[in-house]
Amino acid sequence: MGAGDRPQQRAGPPHYAGRERSWRRSARGYFLLPHIVPVVVVELATAAFAVIAWGGLPPPQRIGPLLLAMLGGQLAIGAINELVDLPFDTVDKPWKPLPSGDVSIGGARAVVVIGLMMMIAFGWHFGALPFALLVLGTGLGIAYDLWFKRTMWSWLPYLIALPLLPIWVFAALGKPEPRLLLLYPLGALATVGVHLAQALPDVTIDREAGLETITSRLGEMRIFVFAWLATLSAPVLGWFAAQWLGASQQLVPIAIASGFAVLLLAINVILISADRRRGAIACFPLVATATLGTGLAWTLIVVR
């Protein structure tokens, strides 16, 4: 070797590269484990309702624990869901965090424990009643994972839990609002629509597994239609409720929410026409966003 030649620097040993890839896959697995899209939607909804309840952005000592308490519950719900689904995902979705081995069963159980600890530690800060509402909402999500998900009653936890979110936020911030209970009759169909949209991508798998659920009986296109009809029912019912309460001069939020929901529906129709699978996957975030918009609109009317 000549004096001007330099030895070529070798790449690190193969096992180091393997460890780096393994670390990245594991980090990605834990990120995806609790169902990141629903978690983000719920956290954004919590923040939005908090701004409405407070009349502006709450101080950090309020909004921080609020978001962390909700995040803890969502982490636990999502991780339990993945643990329950593991036998099915091993066959039908081997790329998911648990069946792929990116996350261990012990690791998923640790996420459940950490999530519940977060929920308790930050949720108790707001007092007994808000904490009870938080536990109820989280418990309904866990009950869905463990008992309701693959039954004809899979819609029931959604029906009870989703309207609890703004009720809990207002109570936690010391501004309880009884009129928010109207979200139950107004949003009943919409919450079922959210459930149908979330179950839409798994319809074929559930049918092949012989599971007797509402979604497996209806089929993909019927679920898509029913999910959006249920979603669009919320602004219509909200409009009638506002008229009944004498708030007809405050209908601008409902009108905006209605137009927003129709826009999201149009986007979903375009997506599902171009690619049925991608359109089915997009249905849940679009339906959830439309439902959240209507819930925020109704909340704005209530607090004015």
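The values are calculated or read from the model by the stated rules, or taken from the named source; none is laboratory data. All of these numbers come straight from a predicted model, not from anything done at the bench. As a convention, Cβ positions derive from the backbone with ideal geometry for all residues, glycine included, and neighbour counts pool all protein chains shown.
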* Is one or more of the residues making up region 115-137 over 29 Å from P60 (Cα atoms) and loosely packed, with under 14 Cβ neighbours inside 10 Å? -> no
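Kindly evaluate A172 against the criterion of being modelled with pLDDT of 95 or more and closer than 20 Å to I80 by Cα.
Numbers: modelled with pLDDT of 95 or more: yes; closer than 20 Å to I80 by Cα: no.
For A172, the condition - modelled with pLDDT of 95 or more and closer than 20 Å to I80 by Cα - is not met.
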* Which numbered condition trips up L183, out of (1) in contact with a Pro (Cβ under 9 Å, 6 or more places away or on another chain); (2) surrounded by fewer than 22 Cβ atoms within 10 Å (Cβ to Cβ); (3) of a type in the set (A, V, I, L, M); (4) under 20 Å from A297 (Cβ atoms)? -> (2)
* Got a number for residues in region 82-96 being at pLDDT below 95 and either of a type in the set (S, T, Y) or surrounded by 18 or more Cβ atoms within 10 Å (Cβ to Cβ) (or both)? -> 4
* **Members of region 281-294 that are touching a Phe, Trp or Tyr at 6+ places or on another chain (Cβ under 8 Å) and farther than 17 Å from I36 by Cα** => A290, G293
* So which pairs qualify, if the first residue must be in region 71-91 and free of Cβ contacts under 8 Å to residues at least 60 places away in the same chain, the second must be surrounded by fewer than 22 Cβ atoms within 10 Å (Cβ to Cβ) and outside any helix (DSSP H, G or I), the Cβ gap must be under 6 Å, and the two must be at least 6 apart or on different chains? -> G78/H35; D89/K96; D89/P99; T90/P99
* Any residue in region 124-136 that is assigned to a loop (DSSP other than H, G, I, E, B), within 19 Å of V84 (Cα to Cα), of a type outside the set (S, T, Y) and out of contact with any strand residue (DSSP E or B) (no Cβ under 8 Å at 6 or more places or on another chain)? -> no
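Identify all residues within region 272-282 that are over 20 Å from the mean Cα position of the chain (by Cα) and either on the phi > 0 side of the Ramachandran plot or not in a loop (DSSP other than H, G, I, E, B) (or both); write none if there are none.
I272, S273, A274, R276
Among the residues of region 97-106, count how many are under 30 Å from A121 (Cα atoms) and either free of Cβ contacts under 8 Å to residues at least 12 places away in the same chain or surrounded by 17 or more Cβ atoms within 10 Å (Cβ to Cβ) (or both). Step through it out loud before you land on a result.
Restricting attention to region 97-106, the residues satisfying the condition of being under 30 Å from A121 (Cα atoms) are 97-98, 102-106.
Cutting the leftovers down to either free of Cβ contacts under 8 Å to residues at least 12 places away in the same chain or surrounded by 17 or more Cβ atoms within 10 Å (Cβ to Cβ) (or both) gives us 97-98, 102-104, 106.
Count: 6.
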* Asked: What number of residues within region 149-171 are in contact with a Leu (Cβ under 7 Å, 6 or more places away or on another chain), closer than 14 Å to A188 by Cα and surrounded by fewer than 22 Cβ atoms within 10 Å (Cβ to Cβ)?
  -> 3
* Asked: For region 246-271, which residues satisfy the criterion of being in contact with a helix residue (DSSP H, G or I) (Cβ under 8 Å, 6 or more places away or on another chain) and part of a loop (DSSP other than H, G, I, E, B)?
  -> A247, L251
* Structure fact -> When (1) modelled with pLDDT of 90 or more; (2) under 23 Å from the mean Cα position of the chain (by Cα); (3) small (G, A, S) are applied to A255, the one that fails is (2)
* To do: Go through the residues of region 220-239 one by one and say whether even a single one is under 23 Å from the mean Cα position of the chain (by Cα) and farther than 28 Å from F148 by Cβ.
  => no
* **Pair list, Cβ < 8 Å and 6+ apart or interchain, from region 245-271 residues that are under 20 Å from F284 (Cα atoms) to residues that are surrounded by fewer than 14 Cβ atoms within 10 Å (Cβ to Cβ)** => L271/R278
* With (1) out of contact with any helix residue (DSSP H, G or I) (no Cβ under 6 Å at 6 or more places or on another chain); (2) at pLDDT below 90 as the list, and L200 as the residue in question, which single condition is left unmet? -> (1)
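Here is a yes/no grid of residues against (1) over 18 Å from the mean Cα position of the chain (by Cα); (2) assigned to a helix (DSSP H, G or I); (3) in the same structural domain as T291 (by TED's automatic domain parsing):
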| site | (1), (2), (3) |
| --- | --- |
| A50 | no, yes, no |
| L57 | yes, no, no |
| F88 | yes, yes, no |
| V91 | yes, yes, no |
| M119 | no, yes, no |
* Asked: In region 192-202, how many are crowded, with 24+ Cβ neighbours inside 10 Å and among the β-branched types (V, I, T)?
  -> 1
